[in-house]
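Enquirer: Quick one: this structure, given as structure tokens, is what I'll be asking you about.
Derivation of every value follows stated rules applied to the coordinates shown; laboratory data play no part. None of these values were measured; they are calculated from a predicted model. Neighbour counts are summed over all protein chains in view; Cβ atoms, including those assigned to glycine, are modelled from backbone coordinates with ideal geometry.
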Amino acid sequence: MLGADLPEAQRNRLLRRVDWRFLLPVPRVEKAVCFPNGDLRDGVALIARQVVAAGADHTTDCDLVVALNPDAAVLEGARAALRPGGVCYTEWHNFTPGGARAIMRRLRAAGFGDARGYLAWPSSSRPYVWIPLDSAGAIGYFQRHLHSPSRARKLAARILRPAVTLGAQIGVIGPLCFVARKPGAPGEENAEPLLFATIRHGWTGWGLVDAPSDLAVLLLTRGPRTANKIAGLVFAGRDLRPRLVVKIARVADARPGLLCEATTLPGIQAICGDGLKGVPKVLFTVDDQSGVAVGETALPGTPLLTLLSRRRYRSLALQATDWLVDLAQCARRDDRTPLGGRLVDEALADFARSFGSLIEPELLARTRGAMAGLGDLPSVCEHRDFSPWNVFVTPDEGFAVFDWESSEPAGLPGLDLLYFLAYLAFALDRAKRAPAMLRSYRAALDPTTFTGAVHRECVARYAERVGLDPAAFHALRLLTWIIHSRSEYRRLTADAVGAPPMDALQRSLFLGLWKMEVLWGGAESQVLDGR
């Protein structure tokens, strides 16, 4: 199931075509009927153990039926094919007079109950938002808060999105997608997503007042790869604020990361308490045959990247530095255990195995020598993906930091800061591909440039407050890029369904950053150290 043997691009395309499965009462399906062909049918074949032909004689025990622009006859066939309590998923791409209400009447007339409607935006073939049409809170959040980093696109969204949701409700904008259920045993008539039962049960115990009778989920499915998680923002009534967020593993590859986050966050809470602001609180974890999901508090904020400008660059960089200092200080271990040494050795071994003959022996030897003393550094909790896109600025101008799937509770200091500063410079320089990113990084190593001066100030500030030798940051940068080359190598392996080709390895961003750091970073460290 789930196409683990497919090339990443094909697997990603097909599974994203069926992300609506996380809106079903049960996202894993034993037996399904899919009326349309193409990517939709191929996607259903990945999530169902068995797909039978539409119109197959005497098929009455399906868990799921999928139909595209169904007429009355198709809806009748769908109902007949389903077992009692089975689910029908339909997409409506054509103009439908009366919009969502008219579709719900058709579904009721065909014998389906508890229909829930969604707008797949911007398209059903590659949506990144599923908007529940019966939730004023979710619609309002979509219209007001889901912005692009581009200012022009942000302004366009403020104008366009109210028109989009209104158009969907009256049937002139689609596709409209509906989940409905064939009546069955008591308790099976509800077509709401599976985790709503868990959420209702825990609501008051989590300190969320006014247990709601009506819940809705706005599903976010952005991300370039199959392993990117699904995020569901849960709304109650007309409240424009999501009360909690549920992170769901799309595929098994995402399971370890979510479970890592579900472990790291309570650990930080236990150690730091209120001493570290902006960390989500884990409310529940589900890990069973239905999949893996982690429920967390929803922290308000604006994506840092939407606020980034040359004027705010330094202040945002210093604020990130101070936040990471707080994390290091409250989650610090000074017992000088050999964890750091093992971390360095394992990272170097993986790097040599992955990039092999592309690594010049002399540069690797220089790397080993530079990193020899890192094992003596104190151990701190690392976020491991502390990038500008995972940081939001809260209404009180603090930080909210998300996506802890890659976290390392016993890591090394400084790595998160170096990763953040590099990507903040990439964002300011609008460097999106490796050649431009390498040029941006080279400029950031030069303390006479704008980004380089900020880099130097932040590193010096972090080193002083955490108690590190500034000269250690050359070795820490080397380790940063070696560690992150692991995830890049895994992506290249998934793309190739096997060993990555040599030309793909040669274009590796992190290999290029490591090489540039070996050649240029040592001189920059001497400047930081005052030599």
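Enquirer: Please give the charge dipole size of the chain, origin at the Cα centre, charges +1 on K and R Cβ atoms and -1 on D and E Cβ atoms. Round to the nearest 20 debye. Please list the in-between numbers first.
Expert: Working: 64 positive and 55 negative charges, 328 e Å.
Roughly 1580 debye for the chain.
Enquirer: How about region 286-319: which trypsin sites (Lys or Arg not before Pro) there lie in a loop by DSSP and see at most 16 other Cβ atoms within 10 Å? Don't skip to the end; give the middle numbers.
Expert: Details: sites: Arg310, Arg311, Arg312, Arg314; in loops: none.
Filter output for region 286-319: empty list.
Enquirer: State, in angstrom, two size descriptors of the chain derived from its alpha carbons: Rg to one decimal place and Dmax to the nearest whole number.
Expert: 25.3, 83
Enquirer: Counting only other residues whose beta carbon sits under 15 Å from that of Val209, what net charge do I get with K and R as +1, D and E as -1? Walk me through the numbers before you get to the answer.
Expert: Details: positive: Arg200, Arg241, Arg243; negative: Asp210, Asp239.
My count for the surroundings of Val209 gives +1.
Enquirer: Based solely on C-alpha atoms, express the radius of gyration and the Dmax of region 302-528 in angstrom.
Expert: According to the Cα coordinates of region 302-528, Rg and Dmax are 16.8, 51 Å.
Enquirer: What pairs from Lys229/Lys277; Lys229/Lys281; Lys247/Lys281 go past 22 Å between their alpha carbons? Working shown, then result.
Expert: On the way: Lys229/Lys277 24 Å; Lys229/Lys281 18 Å; Lys247/Lys281 13 Å.
Violating the 22 Å limit, Cα to Cα: Lys229/Lys277.
Enquirer: About its Cα centre, how strong a charge dipole does region 302-528 have in debye, to the nearest 20, once Lys and Arg get +1 and Asp and Glu get -1 at the Cβ? Numbers along the way, then the final one.
Expert: On the way: 26 positive and 28 negative charges, 137 e Å.
Once rounded to the nearest 20, the dipole reads 660 debye.
Enquirer: Between Arg314 and Leu364, 0.36 nm times their residue separation minus their Cα-Cα distance comes to what?
Expert: Details: separation 50, 0.36 × 50 = 18.00 nm, distance 3.36 nm.
Residue separation times 0.36 nm, minus the Cα-Cα distance, leaves 14.6 nm.
Enquirer: Please report the net charge: other residues with Cβ closer than 14 Å to the Cβ of Glu8, K and R +1, D and E -1. Before the final figure, lay out each step's value.
Expert: Details: positive: Arg11, Arg13, Arg16, Arg225, Arg250, Arg490, Arg491; negative: Asp5, Asp253, Glu488, Asp495.
With Lys, Arg at +1 and Asp, Glu at -1, the neighbours total +3.
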